[in-house]
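The values are calculated or read from the model by the stated rules, or taken from the named source; none is laboratory data. Owing to the predicted nature of the structure, the values given are computational and were not obtained by experimental measurement. Cβ atoms come from the backbone with ideal geometry, glycine included; neighbour counts cover every protein chain shown. Note: areas computed on protein heavy atoms with side chains; ligands, DNA, RNA excluded. Shrake-Rupley method; radii C 1.70, N 1.55, O 1.52, S 1.80 Å.
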Amino acid sequence: MLLDLRVSFFLAIRGILRGSRGSLYLTILIIAMVFTNMIFMPSIILGFIKVAEDQIITYQTGNILISPHEDEAYIEDAFALQEKINRIPGVLRASVHYSTGVTLRYKGNTLGSNLVAINPDDERLVTDVYQKMSDGYYLADGENDEIIIGIQTSGHKDESLDMGATLGYLKAGDPVTVEYTNGISKVYHVKGIIETGSYYADQGAYITWDELESVYGRDMDLATDMIVRTDPDAYEPDVKTQIYRFGIREKVQTWQDLLEEAMGRAVQNFAMLNSITIIVSLIIAVVVLFIVIMIKTLNSRRQIGVLKALGVEKNIIIHNYVFQVLIMTTLGVIVGTTLVESMVAILTVYPFQFPDGEVTPVVAISDLINNTIMLYIVAFIAGYIPAWRVASEDILTAMRS
Amino acid sequence: MIIAENLTRTYDMGKVIVHALRGVSLTIQKGEFIGIMGASGSGKSTLLHLLGLLDKPTKGRITLAGVDVKTLNDRQRTRFRLKRLGYVFQDYALVPELTVEENVYLTSMIRGTSKEEYQAQTYSILERIGLSDRLNHKHNELSGGQQQRVAIARAMVNKPEILFADEPCANLDSESSRNVLDLFKQINKEMAQTIVMVSHEDWHTEYFDRVIILRDGLIISDGKKSD
Ligand SMILES: Nc1ncnc2c1ncn2[C@@H]1O[C@H](COP(=O)(O)OP(=O)(O)O)[C@@H](O)[C@H]1O
Ligand SMILES: [Mg+2]
């Protein structure tokens with residue numbers, strides 16, 4: 001058996017090295033393209049998901065979001081809870097939010113927006129929004145009459161960059177009127193403009209907690225949500241479990257939960273698209289390899305008949321072609337991997353620009369391995385069937401061809 | 001030694017039944033150089049295929065080196081051909097992707113001969129046929145006569161009990177044909193190689209020890225030449 005396989009391999013190597021160069025290169029190229037196709041699509045999707053993850057963690061909710069129980073509008077005793085959470089091992093800091101719907105007015109433009117009250121010193125430790133001021137400065141604790149606004153609400157200088165209605169190019173230093181739902185209307189000084197690249201974060205407007213209390217005329221110990229940053233090596237689901245140990249009624253979600261909620265459908269659709277791409281790729285691979293081996297074997301029918309007459313076992317002949325296919329597949333996978341790696345390298349330097357950020361393909365090793373295995377299985381079948389058909393022919397029939 | 005008893009081979013073509021062989025009996029002794037002759041369609045190739053285990057008779061019995069070949073299954077027939085028989089065909093049928101030497105030792109590899117041994121055997125047989133300077137040539141770098149001699153070397157490297165050749169000179173000019181026939185004769189004489197060769201060229205008879213003439217699937221003449 002081993003001896004026979006060695007002979008098959010001997011024949012396969014000769015068949016590849018001394019057969020038609022053109023068709024060899026073409027076959028390898030096609031397998032390489034098929035492989036690239038199988039890897040590239042999922043890598044872009046993973047890239048998208050990675051961007052979404054980063055944005056959720058960095059600019060929106062940190063690692064964990066705590067929101068009120070579904071029967072309630074607010075988290076009560078918010079600062080006491082914040083204190084407790086801050087003490088959990090693995091938690092860097094929790095930040096309390098109070099958000100409310102407001103109307104913004106600037107130079108005749110009116111826009112509904114979500115205004116969030118924050119404690120800037122806490123918030124700085126939880127999100128990186130403070131690093132993303134495209135104009136002016138971030139808020140500081142205790143400041144009154146100041147507001148910071150996201151660029152998708154303030155508006156770009158170049159209107160074509162706006163993704164929705166805006167206030168029409170509001171800048172740091174400009175006055176903006178905020179109308180609260182309780183009837184209070186107040187003019188704020190725009191301290192800075194936020195531009196993170198995350199559409200969600202760039203729509204918001206922020207004031208300090210002190211400002212909120214002065215507008216409401218009382219101490220506020222209510223929160224609409226609380227966001228938590230964990231240690232880089234903490235495992236969020238563990239921290240989530242710890243928070244639940246306080247026996248709180250509030251809803252605690254890790255960023256993974258949120259991503260699942262926000263993108264679950266999209267990810268499912270992507271996965272579907274992905275499967276279609278992979279199936280189509282595999283079909284192309286099967287057809288190409290099948291045809292290549294069918295032509296090779298049909299051209300060698302008489303040859304194969306003669307070898308069998310000389311006493312060469314049918315399996316040696318079949319395995320010869322199977323080895324040829326597997327060798328071509330190996331070369332195709334190597335070329336394909338090189339292609340994918342080069343494309344990833346190029347796209348890392350020049351990423352795809354999407355509204356939600358810069359997307360760089362992320363190649364998952366598991367995808368590489370799975371697709372390689374699938375390609376090998378498919379190649380094996382595509383080589384075996386035509387080789388088996390010709391090698392099973394009666395000796396004299398084959399020799400007469 | 002080959003004993004063929006009352007071999008018939010019919011092809012059922014639906015409307016007609018072709019009687020390629022109608023009852024052929026013969027005995028071939030070790031060391032004989034036998035020519036099977038006759039007009040085209042007389043059943044020469046059919047007989048050779050039956051004797052060489054490439055086909056099965058409709059009726060009759062073949063005993064090869066003491067073995068009733070009916071008792072062999074397909075795998076055993078393949079092994080038998082690999083280990084004990086040799087073949088030369090009209091169109092040489094060298095494996096195009098292999099060099100001269102690789103073509104010659106391919107079946108030795110399968111038989112499990114060691115590399116040193118089969119390389120030595122290959123060299124010595126190629127030297128004998130005057131092609132030892134062509135070890136690494138490809139078939140398309142050789143003339144028809146040279147290719148046929150490589151095919152003979154391939155068949156001979158294993159020192160088969162019987163060497164079968166079906167019109168090995170049909171594609172060759174008369175000079176190359178003589179070269180090839182001389183080689184067969186030399187092998188037959190020097191190595192006491194049993195050879196069964198199909199031919200339809202009358203002048204080939206001078207090379208054979210014994211000539212069997214077929215007509216319509218029957219032996220009409222079987223004569224040892226008295227030399
Ligand atoms: N596979 C086959 N199917 C049908 N008829 C065949 C087949 N092989 C040979 N024959 C017929 O058998 C007869 C003998 O053929 P063959 O042995 O090839 O003759 P030869 O080699 O003497 O020219 C011919 O009539 C030929 O047509
Ligand atoms: Mg014939």
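Structure summary
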{"item": "Solvent accessible area, Å² - A:MET33, 1.4 Å probe, full protein context", "result": "100"}
{"item": "With every protein chain in place, the protein assembly as shown: carbon and sulfur % of accessible area (1.4 Å)", "result": "54"}
{"item": "Full-extension gain in nm, A:GLU213 to A:SER342, via 0.36 nm per residue minus C-alpha separation", "result": "40.9 nm"}
{"item": "Tail beyond 20 Å, pair distance distribution of region A:161-295 (Cα, percent)", "result": "72"}
{"item": "Accessible area (Å², 1.4 Å probe, nearest 10) - A:PHE323", "result": "50"}
{"item": "Amide H contacts under 5 Å for A:HIS156, placed H, 5+ residues apart", "result": "A:ASP162, A:TYR169"}
{"item": "Expected-Rg normalisation [2.2 N^0.38 Å, Cα atoms] applied to region B:15-141", "result": "1.28"}
{"item": "Net charge of Cβ neighbours under 14 Å - reference A:ARG301; Lys, Arg +1; Asp, Glu -1", "result": "+3"}
{"item": "Per residue accessible area of chain A, 1.4 Å probe, in Å²", "result": "47"}
{"item": "Å² of accessible area per residue within region B:110-175, as computed with a 1.4 Å probe and no ligands counted", "result": "45"}
{"item": "Ratio of the Cα radius of gyration of region B:2-224 to 2.2 N^0.38 Å, where N counts its residues", "result": "1.02"}
{"item": "Kirkwood Rh (inverse of mean 1/r, distinct Cα pairs), region A:244-320, angstrom", "result": "18.0"}
{"item": "Three semi-axes of the equivalent ellipsoid, region A:62-104, Cα gyration tensor, whole Å, largest first", "result": "22, 13, 10"}
{"item": "Segment A:ILE334-A:LYS50, length gained on full extension (0.36 nm per residue, minus Cα span)", "result": "99.6 nm"}
{"item": "A:THR103-A:ALA271 pseudo-label distance in nm [points 7 Å out on the Cα-to-Cβ vector]", "result": "4.5"}
{"item": "For B:THR71, net neighbour charge (Lys/Arg +1, Asp/Glu -1) across residues whose Cβ lies under 12 Å away", "result": "+2"}
{"item": "Per-residue HN-Hα couplings for region A:94-109 [Karplus 6.51, -1.76, 1.60; θ = phi - 60°; Hz; x = Gly/Pro]", "result": "9, 10, 8, 10, 10, 10, 8, x, 9, 10, 9, 10, 8, 6, x, 8"}
{"item": "Residue among A:GLY168, A:GLY217, A:THR230 farthest towards the positive dipole end of region A:130-263, charges placed on Cβ", "result": "A:GLY217"}
{"item": "Cα convex hull volume per residue for region A:89-167 (Å³)", "result": "123"}
{"item": "Candidate lysines - alpha carbon under 23 Å from A:LYS251, same-chain residues fewer than 8 apart omitted", "result": "A:LYS84, A:LYS240"}
{"item": "Amide H contacts of B:GLU32 (H built 1.01 Å from N, under 5 Å, at least 5 apart or other chain)", "result": "B:ILE195"}
{"item": "Summed side-chain charge close to A:THR36 - residues other than A:THR36 whose Cβ falls under 13 Å, Lys, Arg +1, Asp, Glu -1", "result": "-2"}
{"item": "Volume per residue that the Cα convex hull of region A:69-249 spans, once the total is divided by residue count, Å³", "result": "125"}
{"item": "For region A:148-216 versus region A:50-68, the gap between their alpha-carbon centres in whole angstrom", "result": "21"}
{"item": "Solvent-accessible ranking of A:TRP388, B:TRP203, largest area first, probe 1.4 Å", "result": "A:TRP388, B:TRP203"}
{"item": "Heavy atoms of A:THR153 accessible to a 1.4 Å probe, total area in Å² rounded to 10", "result": "10"}
{"item": "Simple label model, 7 Å out from Cα along Cβ direction - A:PHE380 to A:VAL187, nm", "result": "7.8"}
{"item": "Potential lengthening between A:ILE369 and A:GLU261 on full extension [0.36 nm per residue; Cα-Cα distance subtracted]", "result": "36.0 nm"}
{"item": "Modelled FRET efficiency - R0 45 Å, A:LEU29 with B:VAL18, Cβ distances, 0.05 increments", "result": "0.35"}
{"item": "Distant alpha-carbon pairs in the protein assembly as shown (separation over 41 angstrom), percent", "result": "53"}
{"item": "Table column - 3J(HN,Hα) (Hz), region B:54-65, Karplus curve with 6.51, -1.76, 1.60, x for Gly and Pro", "result": "9, 8, 10, x, 5, 9, x, 9, 10, 10, 10, 6"}
{"item": "Whole-Å semi-axes of region A:330-401's equivalent ellipsoid (Cα gyration tensor)", "result": "44, 12, 10"}
